[in-house]
1. If residue 109 satisfies every condition in (1) in contact with a strand residue (DSSP E or B) (Cβ under 6 Å, 6 or more places away or on another chain); (2) among the acidic types (Asp, Glu); (3) touching a residue at least 60 places away in the same chain (Cβ under 8 Å) but one, which is the exception?
2. Among the residues of region 31-44, is there at least one that is at pLDDT below 95, part of a helix (DSSP H, G or I), within 17 Å of the chain's Cα centre (by Cα) and under 25 Å from residue 177 (Cα atoms)?
Amino acid sequence: MRAEVEVPLPRPRDRRHPLFAQTVDRLYALLTGTGPGAPGTAAAPVAATPLSAPLPDVSVGGLAGLVEIVHSHNGQTDLPDLADELSFEVDDLLPLVDAAALLGFIEVDGAQLFLTEDGRAWGRADIQESKKLFARLSAAHAPLVRTILTALENSDDGALRDDFFLDLLRRGFSGADARVQLDIAIQWGRYAELFDYDADSGELVLGEVAAAFGV
C-alpha cells in the first residue's frame with residue numbers, strides 16, 4: 001500500500017468536477033511515481049526485471065490506437081477527459097497508458113499525457129519503419145522482451161522452449177499469469193521481428209532483426 005487517499009466527492013461521482021480531476025491526478029501520480037504527490041525516494045534506481053516490471057496486457061494495435069488518439073489531440077491530452085470522450089473509465093485506459101509510457105511513446109505527468117518524439121515518429125511511420133522503431137524500444141525498455149532476446153542470443157542455436165521462460169516467470173507469477181506475460185512478450189517480439197514462436201513445438205527462435213540491437 002502506497003497511500004490512503006480520501007475522496008470527498010459524493011456518489012455518483014461527477015467526472016467533470018474539478019476535485020475529481022485533481023484526485024485522479026494525485027492517484028495516478030502515486031501509482032506511477034510521477035508528478036506532484038508522488039512519493040519521493042532517496043534510493044538508487046533498481047534495474048527493472050520481468051518479475052518487478054510485468055508487461056501491461058495490451059496489444060501492439062491497442063498501443064498504436066492510443067498513440068494515434070493522443071497525436072490527434074495535438075500530442076497532449078488529459079486522461080480523465082480522454083476516458084470520458086471514449087466512454088470508458090480512467091482505469092480501463094491505464095494498461096495502454098502504462099505500456100506506451102514503458103516503451104517511451106508517451107510521457108506522463110499526473111493525469112496528463114504527452115506524446116514523445118518516438119511516439120510521433122511511430123505514429124507517422126510506415127509498417128517497416130514502425131516495426132524497426134518498436135523493435136528498438138521494446139528491446140531497450142520491455143524487461144521480458146529483453147530477457148528473451150538475451151537468452152536466445154546465448155543459446156547454442158538461437159532457440160529455446162517456452163517452458164524455460166515459464167519456469168522463470170512462475171517464480172513471481174501464478175501459472176496463468178506467467179503464460180499471459182509470455183504471450184504478451186511473444187506478440188510484441190513477433191511484431192517487431194525480434195524473434196518468432198512455434199506454438200506447436202513451443203519453441204522461440206531468434207530473429208535476424210535482433211542482431212541490430214546488440215543483444
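1. Failing condition for residue 109: (1).
2. Scanning region 31-44 turns up at least one residue that is at pLDDT below 95, part of a helix (DSSP H, G or I), within 17 Å of the chain's Cα centre (by Cα) and under 25 Å from residue 177 (Cα atoms).
The values are calculated or read from the model by the stated rules, or taken from the named source; none is laboratory data. Remember, predicted model here, so these are calculated numbers, not experimental data. All Cβ positions, glycine included, derive from the backbone under ideal geometry; neighbour counts span all protein chains shown.
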